[in-house]
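The values are calculated or read from the model by the stated rules, or taken from the named source; none is laboratory data. Worth saying up front: this structure is predicted, and the values here are computed from it rather than measured. Please note: Cβ atoms are built from the backbone with ideal geometry, for glycine as well, and neighbour counts cover all protein chains shown.
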Amino acid sequence: MKTKLSLLAAALLFAFTTIHAENEITIGVIQYDLSDIDKSFKDLHDQGFGSCEINYKSNTLTKEFAEQVKAASKKHQIKVTTVVGVPGSKSVWNFRQGPATIGLVPTEERAEKIKVYHEMIDFCAMAEVPAMHSHFGFIPEDPSSAQYKDFIKVMQDLANYAKERNVMIYFETGQETPTTLIRAIKDIGTGNVFINCDLANLLMYGKANSLDAVKLFGPLIKEFHAKDGKYPDPNNPYELGAEVPIPTGEVNFPAVIAELKKQGFKGAVTIECELNGTRHDYVVKTRKYLQDLLDK
């Protein structure tokens with residue numbers, strides 16, 4: 001009897017391990033609190049997470065902190081996938097002022113933003129984090145425009161800076177159509193620029209259905225932001241659509257998860273929560289929801 005039970009336990013363990021090995025997808029969060037990274041990573045591991053992104057904070061991305069991140073990552077088996085940040089003191093998250101204030105498309109504050117991006121890239125190199133990612137601005141639709149050409153040159157310089165340090169750059173989706181972003185990455189052409197696919201942003205900016213975008217982006221996607229949202233209100237086309245809790249919005253998570261598994265995606269699905277209220281409980285609940293979809 002004991003032998004049969006042992007064999008059954010071994011079979012169940014093998015099946016569980018196989019399920020997770022097959023998808024090779026981790027579920028993570030954005031780590032905002034950097035005050036005690038060892039404790040933070042322990043908490044993530046204890047709650048069942050396998051990865052995280054580190055949110056950029058000025059004057060924190062030091063060599064000393066990089067060593068702490070590497071040690072905590074190894075100790076608690078939490079993979080740090082990117083450093084994320086959107087520098088700039090004047091960024092406005094709407095359609096009226098956003099195109100003129102966010103990212104590297106506008107020239108105002110561009111030098112200051114590039115300096116921060118360099119700091120983020122340097123930290124990635126020190127901490128052995130594979131990538132940094134950001135919103136780099138509302139990419140112009142017209143590839144023949146002077147603004148588009150200027151932006152591509154700026155991104156080529158930044159991407160080459162990262163490439164010299166063996167770091168990748170991810171565009172976070174939302175502010176342009178999938179085709180515009182794919183074209184920009186092709187024109188940048190440095191080979192180390194990919195996509196962090198924010199599923200809700202595509203809707204909230206009114207640029208694409210999330211599932212269609214995932215199919216278009218394909219292997220360019222290196223990471224996902226798990227977030228839910230709605231299209232902009234037709235009565236107020238100057239503001240982004242609303243973010244709502246997963247799975248109450250218009251992102252078809254079962255279909256998206258099935259598609260990324262079909263594509264052989266092996267990166268991270270990172271829960272991004274910008275909602276007010278009990279963030280911790282929401283994130284834990286959402287991790288289970290996403291894991292159940294991955295395990296199907």
- request: State all residues of segment 32-55 that are surrounded by 22 or more Cβ atoms within 10 Å (Cβ to Cβ) and not in a helix (DSSP H, G or I); if no residue qualifies, say none.
  value: Phe49, Ser51, Cys52, Glu53, Ile54
- prompt: Within segment 213-229, can you find the residues that are over 14 Å from the mean Cα position of the chain (by Cα), closer than 20 Å to Thr248 by Cα and without any contact (Cβ under 8 Å) to a residue 40 or more places away in the chain?
  reply: Gly229
- request: Mind telling me which of the residues Thr82, Thr177 ends up being β-branched (Val, Ile, Thr), crowded, with 22+ Cβ neighbours inside 10 Å and either touching a Gly at 6+ places or on another chain (Cβ under 7 Å) or within 28 Å of Leu203 (Cα to Cα) (or both)?
  value: Thr82
query: Among the candidates Val214, Val154, which residue alone is in contact with a helix residue (DSSP H, G or I) (Cβ under 8 Å, 6 or more places away or on another chain), of a type in the set (Val, Ile, Thr) and buried (at least 24 other Cβ atoms within 10 Å of the Cβ)?
result: Val214
- prompt: Just to be sure, is Val256 closer than 18 Å to Ile30 by Cβ and either under 19 Å from the mean Cα position of the chain (by Cα) or in contact (Cβ under 8 Å) with a residue 24 or more places away in the chain (or both)?
  reply: no
field: Meets criteria (in a helix (DSSP H, G or I), without any contact (Cβ under 8 Å) to a residue 40 or more places away in the chain, within 19 Å of the chain's Cα centre (by Cα) and surrounded by fewer than 16 Cβ atoms within 10 Å (Cβ to Cβ)) for Asp281
entry: no
- prompt: Regarding Thr60, is this residue of a type in the set (Val, Ile, Thr), touching a Gly at 6+ places or on another chain (Cβ under 7 Å) and touching a residue at least 24 places away in the same chain (Cβ under 8 Å)?
  reply: no
statement: Of those in segment 1-56 that are acidic (Asp, Glu) and at negative phi, the residue modelled with the lowest pLDDT is Glu22
message: Return the residues of segment 108-124 that are surrounded by fewer than 17 Cβ atoms within 10 Å (Cβ to Cβ) and over 26 Å from Tyr205 (Cβ atoms); say none if nothing qualifies.
response: Ala111, Lys115, His118
message: Quick check on my filter: what residues within segment 219-229 are part of a loop (DSSP other than H, G, I, E, B) and surrounded by fewer than 18 Cβ atoms within 10 Å (Cβ to Cβ)?
response: none
- prompt: Does Lys266 qualify as being within 30 Å of Tyr161 (Cβ to Cβ) and free of Cβ contacts under 8 Å to residues at least 12 places away in the same chain?
  reply: no
- line: The condition of being among the basic types (Lys, Arg), under 26 Å from Ile271 (Cβ atoms) and out of contact with any strand residue (DSSP E or B) (no Cβ under 8 Å at 6 or more places or on another chain) holds, among Lys90, Lys74, Lys149, Lys153, only for Lys74
- prompt: Which number in (1) among the hydrophobic types (A, V, I, L, M, F, W, C); (2) under 23 Å from Gly137 (Cβ atoms); (3) at pLDDT 95 or above marks the one condition that Leu199 misses?
  reply: (3)
- prompt: Of all residues in segment 184-206, how many are among the basic types (Lys, Arg) and either surrounded by 19 or more Cβ atoms within 10 Å (Cβ to Cβ) or in contact with a Cys (Cβ under 8 Å, 6 or more places away or on another chain) (or both)?
  reply: 0
message: Just to be sure I understand the filter: pairs with C-beta atoms under 6 Å, separated by 6 or more residues or on different chains, first member in segment 67-90 and more than 12 Å from Gln31 (Cα to Cα), second member of a type in the set (Lys, Arg). Which pairs pass?
response: His76/Lys42; Pro87/Lys113; Gly88/Lys113
message: Checking the structure you have, find out if any residue of segment 242-256 is part of a loop (DSSP other than H, G, I, E, B) and more than 26 Å from Val283 (Cα to Cα).
response: no
